[in-house]
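Accompanying notes for the structure given below.
The values are calculated or read from the model by the stated rules, or taken from the named source; none is laboratory data. Since we're looking at a predicted model, the values are computed, not measured. Note that each Cβ is placed from the backbone with ideal geometry, even for glycine, and that neighbours are counted across all protein chains shown.
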Amino acid sequence: MRRVVTLALLLGGMRLILPLGSQVPGAEALLVFGFLILAAYTAGELVVQVGVPKIIGYLVAGLLFGPSVLGVVSTAATLALKPVGTVAIAFIAYLAGAELKWEELRRTGLRLLQVTGTELLVCFAVVGAVLLALAPWVPFLRALEPAPRLAAAAVFASIAVIHSPAVTMAMLSETGARGRVATTALGVVLLADLLVVPGFSVVLAGARGVLGGAAGAPSLWLTAWEVVGAIPIGVLLGVLVALYLRHVGREPVVFAALIAVLGMGLAEQLHVELLLLLLVAGFVSENLAAHRGDPTLREPMERSAAPVLVVFFALAGAKLELAELLALWPVVLPIAAARIGGIWLGTRLGARWAGLEPAPSRLMWTGLVSQAGVAIGLVTIAAESFPDLGAAMRSLLLGVVAVNEAIGPLVFRWGLQRAGELVPGAAAARGPAHAH
Amino acid sequence: MSGGLLLVALVVLGYVAAHAGFRWLERRFFVVGGGEYLVLGVLLGPYAGRVLGERDVLDFAPFIVLGLGWVGVAIGMRLQLRRLVRVSAQALGIAVLQWAIAASAIFTAMLLGLRAGLHLPPERALPVALVAAVLGSTTSVRGVEVVRRRHGGNPTLRQVETTAVTGALLGLVAFTVVLAAWHAPVHVVPRAPTPTEWVAIALAIGLVGGFLFYLFLGGESDPDRLVIALLGAIILIAGAAAYIGLSPMFTGVLLGAMLANTAPQRSRLRRLVLGLGAPLELAVLVLIGALWRPSEYPWFFPLATFVLLQPIAKLGAAALATQAGGRPAGVHAEWGAALTAPGWLPLALALNWRLLPGAPAANLLLTMAIVSTILYDALAPRFVRRASGLDRVVEGDA
């Protein structure tokens, strides 16, 4: 309560200051950034008291203070804070890579691939089929001929299958969950991330042949480079991190933040996939360091990531467009439901094929519902590739993402609880970046 | 390679190098590092190597503002009442007097120079001379820290430290008053704030912000949550000050002082501020260098006046202040020479001035701060050791 009152007073103070005008470029974004950290942090602390994941609190804070409701965080400020989201993805990717153990991958890699591949294909098919069935009510499909309609539905479905490693990682961090459901869900989410980007690229290239793309849209070669090129650069960065940890090793929290920012800069400059680059870097550096018995960067990275992730999720909430969501809800809800159904069916079939134990077979789907940044990033690429359909496709996908973003953490928490993998009291004590 | 990426890569490399390099320089040559990052920034900037464009650097403006706020909080964290009350009135009086005399001397000389040499109108010459006086009268504490690490403390080092911290505080107050008095016009209903009201607003942002943050923190002890809350508070306070054209450093000092004196987690917060601030400082140094551009005015005369006058004014001011207040027991007669190095605060202040749209002679002031830092800062430990008489101890021991 004390923090809520303090926050209200800070908000009042900000309201007094805002009319006094901006003098230094970027200062408003900084002001909003600071407020958002404190607001989201407070909301996270509040909701955890009633058994709701902190991420939901961050999202709600973003939505509440964002352009859709109170407007404290303007649309311009959310755009100015875009680099924060990119750094957050860099942190998340590094931490996700650090979670992957070489030995475990060798042991379970094939089974994970079976589950992930099946889940993605089934989900793609189910979402695509439902979308085609609803075509007369879907704004970007209703005017198209059958072949272009199929192509556009395929593009949409290839984005809809994407999960959110950020939310899954953050939920595991927050709850401290350990167990087969938690680790299998994480493995599937991470592997899916490696598969969906090339998959999306193939679908996009095919759709461009049918729908005709915009001039200057990313080519297949460029997209292939984004994926393939990220691997050697990630390895190089990972080796450099391992060398630092071995020979210098001082102030790792600060170094971790610098590495995330450096990775972001490298990905942007060399046109490679940020998520994959940092994922590989995290995987290489942690496994190298662990192999030699050196200290690792995972825990310092979690420390550095904590405030960034709070803002990342709050910004995701701020970007939710309530009005658009309300206008599209008759189409959004069946598609979101179809996606969840596809994930459930896909994981069940995949788990049976891979011969997984009963618990992950039944419940790992709960960790795959969330969606966030990567999906939004890919729909932006699709929107640029097909300017005529892009805006409507983007609105619908953002609606689906909003639903999944809101219910995903709750569903995953329920799944972990059902599997008996929640650590009592962990949610209250841990922050969003605290991986187990 | 893009400017932004290069900058990030430089900071990463610089950060790693600083850990090894700074201590090595200190051990081997008894000098402190930092100036090389400024030179590097200038060499990469739009007027030398052209690797970093003006746009690249200005893209980092929010980051610079955060860095300035952070510097302020780090200074504020030093202002612990428990420690301050142990400083004798005599030492404090000498510190205040020394700063006032040095600042007045530099102000007078610069004002005359700017009016007679550059023919600046009074409304432009006055704020520039005032800012130059603030830049010229601050003192580095890094030299004291290095000497204390090697030789232990003594009364001279305590007097130099008191003078440096007092000077920083008074300089920031004076700088805020200048910003308030020459504030860019703001069109708000019913009327724009007066200079006094701007100062009151700056005080309110720092003090009320600090108090609210103290309430916000409560008894929080988890390190991760402290980092989140501290970052939020510093960003908010620095952003608010910069947003309305005031100094993020000043509001930062107030926030730091509030926390240092009220928060139960003060020592943990202090460690966080100092630990997380190190790469920020390096990045800001490179950015300062990269933001440098040739002065819009003939620069040689004012620059030479400033650079030559600075040590003379400080030394003379220290002698006069000691004469007026009496030399505290154990303080070396030539202690004023220990004040020669300006430290990084003038750079931060000049940068703050440079970021304000339409600030007069911003490039000239930034050039003055850069040159005086490069000239005097590296040798700060040697100045301090010599002025405190510890070099003779070393020679005697040897």
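Could you tell me whether any residue of the stretch A:49-65 is on the phi > 0 side of the Ramachandran plot and outside any helix (DSSP H, G or I)?
Initial filter on the stretch A:49-65 (on the phi > 0 side of the Ramachandran plot): A:51.
In the following step, the residues that additionally are outside any helix (DSSP H, G or I) were identified as A:51.
Taking every residue of the stretch A:49-65 in turn, at least one turns out to be on the phi > 0 side of the Ramachandran plot and outside any helix (DSSP H, G or I).
Does A:Thr380 fit the bill of being of a type outside the set (Asp, Glu) and modelled with pLDDT under 75? Explain how you work it out, then say what you get.
Working: of a type outside the set (Asp, Glu): yes; modelled with pLDDT under 75: yes.
Judged against the criteria, A:Thr380 is a match.
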Looking only at the stretch A:154-182, count how many residues are closer than 13 Å to A:Ala207 by Cβ and surrounded by fewer than 24 Cβ atoms within 10 Å (Cβ to Cβ). 1
Scan the stretch A:88-134 for residues that are under 30 Å from A:Val261 (Cβ atoms) and of a type in the set (A, V, I, L, M, F, W, C) and report the count. 12
Against the condition surrounded by 21 or more Cβ atoms within 10 Å (Cβ to Cβ), more than 10 Å from every other protein chain (Cβ to nearest Cβ) and of a type in the set (Gly, Ala, Ser), how does B:Gly256 come out, does it pass? yes
Residues in the stretch A:116-136 that are buried (at least 21 other Cβ atoms within 10 Å of the Cβ) and under 11 Å from A:Leu150 (Cα atoms): how many? 2
Residue within the stretch B:122-144 that is surrounded by fewer than 24 Cβ atoms within 10 Å (Cβ to Cβ), touching a Ser or Thr at 6+ places or on another chain (Cβ under 8 Å) and at pLDDT below 90 present: no
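The rows are residues; the columns are (1) at pLDDT below 80; (2) farther than 18 Å from A:Ile343 by Cβ; (3) surrounded by fewer than 22 Cβ atoms within 10 Å (Cβ to Cβ).
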{"position": "A:Leu389", "(1), (2), (3)": "yes, yes, no"}
{"position": "A:Arg394", "(1), (2), (3)": "yes, yes, yes"}
{"position": "A:Pro409", "(1), (2), (3)": "no, no, no"}
{"position": "A:Ala429", "(1), (2), (3)": "yes, yes, yes"}
{"position": "A:Ala433", "(1), (2), (3)": "yes, yes, no"}
Could you list, ordered by first residue, the pairs with Cβ atoms under 7 Å in which the first is in the stretch B:364-386 and among the acidic types (Asp, Glu) and the second is outside any helix (DSSP H, G or I), at least 6 apart or interchain? B:Asp377/B:Val32; B:Asp377/B:Gly34; B:Asp377/B:Ser140; B:Asp377/B:Ala341; B:Asp377/B:Pro342; B:Asp377/B:Gly343
Which residues, taken from the stretch B:231-245, are within 28 Å of B:Ala174 (Cβ to Cβ) and within 8 Å of chain A (Cβ to nearest Cβ)? B:Ala233, B:Ile234, B:Ile235, B:Leu236, B:Ile237, B:Ala238, B:Gly239, B:Ala240, B:Ala242, B:Tyr243, B:Ile244, B:Gly245
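Taking the options B:Arg150, B:Arg191, name whichever one is touching a helix residue (DSSP H, G or I) at 6+ places or on another chain (Cβ under 9 Å), among the basic types (Lys, Arg) and surrounded by fewer than 24 Cβ atoms within 10 Å (Cβ to Cβ). Please lay out each step first, then the result.
Values: B:Arg191 fails: touching a helix residue (DSSP H, G or I) at 6+ places or on another chain (Cβ under 9 Å).
Just one listed residue meets the conditions, B:Arg150.
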Of the numbered conditions (1) part of a helix (DSSP H, G or I); (2) in contact (Cβ under 8 Å) with a residue 60 or more places away in the chain; (3) within 13 Å of chain B (Cβ to nearest Cβ), A:Ala77 satisfies every one except a single condition; which is it? (2)
Within the stretch B:187-230, how many residues are touching a residue at least 40 places away in the same chain (Cβ under 8 Å) and either aromatic (Phe, Trp, Tyr) or within 7 Å of chain A (Cβ to nearest Cβ) (or both)? 5
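If a residue has to be over 19 Å from the mean Cα position of the chain (by Cα) and assigned to a helix (DSSP H, G or I) to count, how many in the stretch B:77-96 make the cut?
Taking the stretch B:77-96 first, the residues over 19 Å from the mean Cα position of the chain (by Cα) are B:81-94.
Still in the running and assigned to a helix (DSSP H, G or I): B:81-84, B:89-94.
Selection size over the stretch B:77-96: 10.
Please go through the stretch B:207-226 and pick out each residue that is hydroxyl-bearing (Ser, Thr, Tyr) and either in a loop (DSSP other than H, G, I, E, B) or within 13 Å of A:Tyr41 (Cβ to Cβ) (or both). Give the derivation first.
Within the stretch B:207-226, the subset hydroxyl-bearing (Ser, Thr, Tyr) is B:214, B:221.
Listed by number, the list holds a single entry, B:Ser221.
Pick from A:Ala217, A:Ala224: which is out of contact with any helix residue (DSSP H, G or I) (no Cβ under 6 Å at 6 or more places or on another chain) and at pLDDT below 80?
Numbers: A:Ala217 fails: out of contact with any helix residue (DSSP H, G or I) (no Cβ under 6 Å at 6 or more places or on another chain).
So the residue among A:Ala217, A:Ala224 that is out of contact with any helix residue (DSSP H, G or I) (no Cβ under 6 Å at 6 or more places or on another chain) and at pLDDT below 80 is A:Ala224.
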Kindly indicate whether any position in the stretch A:100-110 is in contact (Cβ under 8 Å) with a residue 40 or more places away in the chain and within 30 Å of B:Gly67 (Cβ to Cβ). no
Only one of (1) within 14 Å of chain B (Cβ to nearest Cβ); (2) modelled with pLDDT under 85 does not apply to A:Leu276, and that is (1)
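Looking at the structure I just gave you, is A:Leu18 buried (at least 24 other Cβ atoms within 10 Å of the Cβ) and within 13 Å of another protein chain (Cβ to nearest Cβ)?
On the way: buried (at least 24 other Cβ atoms within 10 Å of the Cβ): no; within 13 Å of another protein chain (Cβ to nearest Cβ): yes.
Considered against the rule, which asks whether it is buried (at least 24 other Cβ atoms within 10 Å of the Cβ) and within 13 Å of another protein chain (Cβ to nearest Cβ), A:Leu18 comes out as no.
Residues A:Leu270, A:Leu258, A:Leu262: which one is facing chain B (nearest Cβ under 7 Å) and over 14 Å from A:Thr86 (Cβ atoms)?
On the way: A:Leu270 fails: facing chain B (nearest Cβ under 7 Å); A:Leu262 fails: over 14 Å from A:Thr86 (Cβ atoms).
Being facing chain B (nearest Cβ under 7 Å) and over 14 Å from A:Thr86 (Cβ atoms) holds for just one of A:Leu270, A:Leu258, A:Leu262, which is A:Leu258.
Can you tell me how many residues within the stretch B:345-356 are surrounded by fewer than 22 Cβ atoms within 10 Å (Cβ to Cβ) and away from chain A (no Cβ under 14 Å)?
Pass one, the stretch B:345-356, residues surrounded by fewer than 22 Cβ atoms within 10 Å (Cβ to Cβ): B:354, B:356.
Checking which are away from chain A (no Cβ under 14 Å) leaves us with none.
Final tally of qualifying residues: 0.
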If I ask for residues that are modelled with pLDDT under 85 and either within 14 Å of another protein chain (Cβ to nearest Cβ) or not in a helix (DSSP H, G or I) (or both), which ones from the stretch B:357-394 would you list? B:Pro357, B:Gly358, B:Asp377, B:Ala378, B:Leu379, B:Ser388, B:Gly389
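Check the stretch B:74-89 and report whether any residue there is modelled with pLDDT under 70, closer than 23 Å to B:Glu161 by Cβ and more than 10 Å from chain A (Cβ to nearest Cβ). Steps first, answer last, please.
Restricting attention to the stretch B:74-89, the residues satisfying the condition of being modelled with pLDDT under 70 are none.
Within the stretch B:74-89, not a single residue is modelled with pLDDT under 70, closer than 23 Å to B:Glu161 by Cβ and more than 10 Å from chain A (Cβ to nearest Cβ).
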Quick check: is even one residue across the stretch A:24-45 away from chain B (no Cβ under 14 Å) and more than 23 Å from B:Arg55 (Cβ to Cβ)? no
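Which is at pLDDT below 90 and under 26 Å from B:Ser88 (Cβ atoms), of B:His183, B:His151, B:His119? So that I can check it myself, show each step before the final result.
On the way: B:His183 fails: under 26 Å from B:Ser88 (Cβ atoms); B:His119 fails: under 26 Å from B:Ser88 (Cβ atoms).
Every option except B:His151 fails the conditions.
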